[in-house]
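The values are calculated or read from the model by the stated rules, or taken from the named source; none is laboratory data. Keep in mind that this is a model prediction, so the values were computed, not measured. In this analysis, Cβ positions are derived from the backbone assuming ideal geometry, glycine residues included, and neighbour counts consider all displayed protein chains.
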């Protein structure tokens, strides 16, 4: 197995939470499923988080133009949302017509019942080979009553379970 294949196989074994990154504004309304969203800091001028989006994704171009996005951490029952925004679900029509959402405080699409949604202002973006690494400053957080996050690991959706002590 070459280095790339070994890397892809190794990363497939990591369970990560699933997020849909949404944006709306002059660059258009777009959304994309990612497994690469994480906090950067809770301290500083405001909390911040990081997302990585493929450079060919229409969502990346829209975020760069809109200068804002919402990171929607999906709840354990929102596998269908992940499939819609990843392109696995090939149904016709707007992705946003197929899910519940509202405009957040900054005007970005907040997905209904996401475990948590983080409305962000884009502060910096860097193209690293095939992906944009984007850091957003959090301006608002929406928490649902569905706190269990949807996970993806070993090439399948997963649910978090409590660990025995």
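Somewhere in the range 93-103, is a residue touching a residue at least 24 places away in the same chain (Cβ under 8 Å), part of a strand (DSSP E or B) and out of contact with any helix residue (DSSP H, G or I) (no Cβ under 8 Å at 6 or more places or on another chain)?
yes
Answer with yes or no whether residue 58 is surrounded by fewer than 21 Cβ atoms within 10 Å (Cβ to Cβ), more than 19 Å from residue 149 (Cβ to Cβ), touching a residue at least 12 places away in the same chain (Cβ under 8 Å) and touching a strand residue (DSSP E or B) at 6+ places or on another chain (Cβ under 9 Å).
yes
Residue 53 passes all but one of (1) surrounded by 14 or more Cβ atoms within 10 Å (Cβ to Cβ); (2) touching a helix residue (DSSP H, G or I) at 6+ places or on another chain (Cβ under 6 Å); (3) assigned to a loop (DSSP other than H, G, I, E, B); which number fails?
Status for residue 53: all satisfied but (3).
Checking residue 155 against (1) at negative phi; (2) in contact (Cβ under 8 Å) with a residue 40 or more places away in the chain: exactly one of these is not met. Which one?
All conditions pass for residue 155, except number (1).
Restricting to the range 19-48, what's the tally of residues that are buried (at least 20 other Cβ atoms within 10 Å of the Cβ) and either over 11 Å from the mean Cα position of the chain (by Cα) or over 24 Å from residue 149 (Cα atoms) (or both)?
Residues meeting the conditions: 3.
Contact list please: Cβ distance under 9 Å, first residue in the range 127-145 and at positive phi and modelled with pLDDT of 95 or more, second residue loosely packed, with under 14 Cβ neighbours inside 10 Å and outside any strand (DSSP E or B), pairs at least six apart or on different chains.
Within 9 Å, the pairs are 129/55.
Going by the structure shown, is residue 80 touching a helix residue (DSSP H, G or I) at 6+ places or on another chain (Cβ under 9 Å), exposed (fewer than 14 other Cβ atoms within 10 Å of the Cβ), over 30 Å from residue 4 (Cα atoms) and modelled with pLDDT of 95 or more?
no
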